[in-house]
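Down below is the structure, laid out as structure tokens.
Just so you know, all these numbers are worked out from the coordinates, no wet-lab data involved. Bear in mind that the values here come from a model prediction, so they are computed numbers and not experimental data. Virtual Cβ from ideal backbone geometry, glycine too; neighbours counted across all protein chains shown.
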Amino acid sequence: MKKSKTMAIRFLMLAFILTSTLGTANAAEYCPDNFIFLIDQSGSMYQHFGDPQLKMAVAKNVSIRINNLIPLPNYRGENYMAALELFAPVQELYAPGPYDRAKMGAALAKIQDSQEIFGRMTPMGPGILSLDPVLAKMHGKTAVILVTDGMANQGSDPVAEARAIYSRYPDTCIHIISVADAKDKQGKAILAAIHAMKSCSIMVEGLTLDEDQAALQKFVDAVFCSPREKVAFKEEVIVLRGINFDFDKSNIKSEWTGVLNEAAEIMQERPEINVMIEGHTDSKGTEAYNQKLSERRARAVYNYFVDKGINRSRMQTVGYGETRPIASNTNPNGSDNPEGRAINRRAELKVMK
């Protein structure tokens, strides 16, 4: 029985799926793999617009409605990674992880409807900087939906901090929902400066989205690249055996060189193929350690292909740590599942568009 399970693990199948479509996203579009709500909860957000409505009431309502319209799956046909972060003060209501619409909605509903205004400063710069550890857990393109009036009267320069975020995470795009009113000239100027940094950035008025369902839908369509054209899939499948690693190891075992040599030969025969090399781990160890280990595993496969003559420009690497298991790490009774853990200690090769 044990031998048959081991053989099942070793012959885990991996497929390269190549697709041709009736329509593809415009090259100029910024289509995210992940998204983050970053919502300002400073004192000024609990002040009124010209009408009796609070800025935060608009921010909260619009964010909840956006959540209800986010198209699933993402443009890659996968689930998003998502987070909900507040600032002034910094608070995390939805930790970075797989997107669940209902859980995100419940997290958004926890935003306070009223708070003290006087004596609460607005450190918007540090608020934007608080994105750093969140973005570090995301892989691929990340859309940040910044909901704020732009007011900043404490801490570092928010424009400089946005520039620093872009420098460190160039695949990020900050979209802005402004709840600044006519009196918030400084806030409007700050938001305009952040918006101008990247061509992918979209800036809209929160009141417009709150009052106009069509405008709200247009914003969601633009941020999340939808509605998508109908896709007709024509699959060509090149099947290879999977590649697994020993516990806490990232070295390529000799038994897998045949698998990698086969993959290298296919890539040499098909120069149009570019691949994303994904590294994964089981759930033993800390999240931070497993993230680094998964990155090392992906890089080991990358280096193997480079040694076989595959051009570096055709390959990218990403580590997903323990976040994307394909087998259970534990048995139903809670005991350890060695076979499942072994399957999860893997590398996968996926064709990129």
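What shape does the range 34-224 take by its C-alpha gyration tensor, where a ≥ b ≥ c are the square roots of the eigenvalues and a/c under 1.5 counts as rounded, a/b above b/c as prolate, and the rest as oblate?
Since a/c stays below 1.5, the shape of the range 34-224 is classed as rounded.
Could you work out how much longer the chain between H48 and A222 gets when fully extended? Use 0.36 nm per residue separation minus the Cα distance between them, nm to one decimal.
Gain on stretching H48 to A222: 59.8 nm.
Sort 165-177, 266-278 for me by packing, meaning the mean count of neighbouring Cβ atoms within 10 Å per residue, highest on top.
The packing order, highest mean first, is 165-177, 266-278.
May I ask you to list the trypsin sites (Lys or Arg not before Pro) in the range 84-159 that are in a DSSP loop and have at most 15 other Cβ atoms within 10 Å of their Cβ?
Answer by residue number: K110.
Hey, fewest Cβ within 10 Å first, where do I64, I128, I202, I343 land in order?
Starting with the residue having the fewest Cβ neighbours, the order is I64, I202, I343, I128.
R0 = 45 Å: FRET efficiency of Q268 with R296, Cβ-based, nearest 0.05?
After rounding to 0.05, the efficiency reads 0.95.
Around A95, what is the net charge, scoring Lys/Arg as +1 and Asp/Glu as -1 over all other residues with Cβ under 10 Å from its Cβ?
Summing Lys and Arg as +1 and Asp and Glu as -1 gives -1.
Using 7 Å Cα-to-Cβ label points, what is the R76/D132 separation (nm, one decimal)?
2.6 nm
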